[in-house]
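Below you'll find the structure, written out as structure tokens, and then a few comments.
The values are calculated or read from the model by the stated rules, or taken from the named source; none is laboratory data. On a predicted model such as this, the values are computed, not experimentally measured, just so you know. Methodologically, a virtual Cβ is constructed for each residue, glycine included, from the backbone with ideal geometry; neighbour enumeration extends over all protein chains shown.
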Amino acid sequence: MREAGTLPGESAARNFGDYLYALGIENEVEPASDGGWALWVLDDDHLARAQEELEAYRANPSDARFLQGARAGRERWKQDRKQAATARSEIVDVRTTWNRANFFGVGFITGGLILLSCGFSIVLFRNEDVPIFDFLVISNYIRPILPEIRGGQVWRLVTPIFLHFGILHLAFNMLWLKDLGSQIENREGSLFFVLAVLALAIPSNLVQYAFTGPNFGGMSGVVYGLLGYIWARKRRNPASEYNLDQTTVIMMAVWFALCWTGILGPIANWAHTVGLAAGVALGFLVPRRRG
């Protein structure tokens with residue numbers, strides 16, 4: 001995939017991308033580092049033609065052939081998507097079928113995270129005096145060099161995500177994890193999803209720990225990171241198969257804002273914020289995939 005050039009506006013870039021698609025030149029449109037919009041050509045053999053057409057488009061973007069071509073490209077794209085969806089429905093992926101048969105559409109890693117969270121949280125619900133923090137939480141006090149981690153207890157960087165302090169806290173996080181996590185795991189693969197969870201959990205836990213100490217827990221930082229990741233992927237590619245349910249987005253946004261007001265009590269707000277930011281960054285930085 002090579003960059004053919006840039007255009008200053010998103011609308012113009014997407015119209016030109018549609019025009020190229022009508023010519024049989026597959027391409028992607030993404031925000032450019034200079035603030036414009038970059039045109040990426042998927043097949044290097046088409047790069048010279050795309051650059052030639054781009055120069056002509058810059059000279060006269062209102063030319064009828066570009067306007068008509070853009071409309072034709074959009075229609076072709078719709079037809080291609082429809083045909084691809086039909087073809088996928090006729091193919092039986094043994095791995096996906098087996099996965100759904102066992103976890104009802106929930107990815108294996110996603111399901112494992114849910115089971116671990118429920119298990120650890122139930123222990124905490126039944127007996128708050130169980131010294132589970134001694135095993136799971138990063139440290140007892142804020143220390144700049146994290147002696148426990150340096151001593152080899154690296155699990156403490158991640159394990160706070162499995163602790164929840166109430167039924168609603170657990171239920172909301174698990175529902176959002178199921179919906180968002182399964183989308184990413186099923187499209188990107190289980191290994192990628194494991195690495196993504198680690199990339200979201202570790203900075204979220206560290207920043208929350210630095211601001212408030214060790215008495216925190218929950219999957220919220222990871223969940224907001226998954227939300228940010230999917231949002232970024234959709235932003236980069238509106239045609240992506242990722243789906244963000246409007247109700248879920250509104251609920252998570254309202255909850256995020258309410259938590260920062262302090263009316264809900266002590267909440268791991270820094271974990272929420274860092275997780276969300278890390279997820280958005282990950283979504284923009286990870287190389288594009290078809291999903």
| Failed condition for GLY275, given (1) touching a Leu at 6+ places or on another chain (Cβ under 7 Å); (2) modelled with pLDDT of 85 or more; (3) farther than 23 Å from ALA196 by Cα, with all others met? | (3)
| request: Pick out the one residue from ASN127, ASN186 that is more than 24 Å from LEU227 (Cα to Cα) and at pLDDT 50 or above. | output: ASN127
| task | Please enumerate the residues belonging to the range 32-85 that are surrounded by 13 or more Cβ atoms within 10 Å (Cβ to Cβ) and among the polar types (S, T, N, Q). | result | GLN51
| Residue check: is ALA278 closer than 20 Å to ILE161 by Cβ and either of a type in the set (A, V, I, L, M) or not assigned by TED's automatic domain parsing to the domain that holds GLN208 (or both)? | yes
| request: Would you check if there is a residue in the range 208-219 being touching a Ser or Thr at 6+ places or on another chain (Cβ under 7 Å), over 22 Å from PHE108 (Cα atoms) and either surrounded by 14 or more Cβ atoms within 10 Å (Cβ to Cβ) or touching a residue at least 60 places away in the same chain (Cβ under 8 Å) (or both)? | output: yes
| query | Which of the residues belonging to the range 10-41 are modelled with pLDDT of 90 or more and of a type in the set (A, V, I, L, M)? | reply | ALA12, ALA13, LEU20, ALA22, LEU23, ILE25, VAL29, ALA38, LEU39, VAL41
| query | Taking the range 220-254 only, how many residues are polar (S, T, N, Q) and surrounded by 16 or more Cβ atoms within 10 Å (Cβ to Cβ)? | reply | 3
| Scope the range 214-238; condition more than 18 Å from GLY166 (Cβ to Cβ) and more than 15 Å from the chain's Cα centre (by Cα); matching residues | PRO214
| Which ones in the range 236-283 are within 26 Å of MET1 (Cα to Cα), in a helix (DSSP H, G or I) and touching a residue at least 60 places away in the same chain (Cβ under 8 Å)? | ARG236, ALA278, GLY279, LEU282
| remark: The correct count of residues that are in a helix (DSSP H, G or I) and surrounded by fewer than 18 Cβ atoms within 10 Å (Cβ to Cβ) in the range 172-197 is 6
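Can you go through ARG71, ARG58 and tell me which one is touching a residue at least 40 places away in the same chain (Cβ under 8 Å) and closer than 24 Å to ARG235 by Cα? Spell out how you get there, then give the answer.
On the way: ARG58 fails: closer than 24 Å to ARG235 by Cα.
Of the residues listed, the single one that is touching a residue at least 40 places away in the same chain (Cβ under 8 Å) and closer than 24 Å to ARG235 by Cα is ARG71.
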| said: I need a count of the residues in the range 221-259 that are under 17 Å from ALA281 (Cα atoms) and polar (S, T, N, Q). | reply: 1
| query | When HIS169 is evaluated against the numbered criteria (1) in contact (Cβ under 8 Å) with a residue 12 or more places away in the chain; (2) under 16 Å from the mean Cα position of the chain (by Cα); (3) assigned to a helix (DSSP H, G or I), which criterion, by number, is the only one it fails? | reply | (2)
| task | Just name the residue that is nearest to ARG81 (Cα to Cα) out of those in the range 24-53 that are touching a residue at least 24 places away in the same chain (Cβ under 8 Å) and in contact with a helix residue (DSSP H, G or I) (Cβ under 7 Å, 6 or more places away or on another chain). | result | ILE25
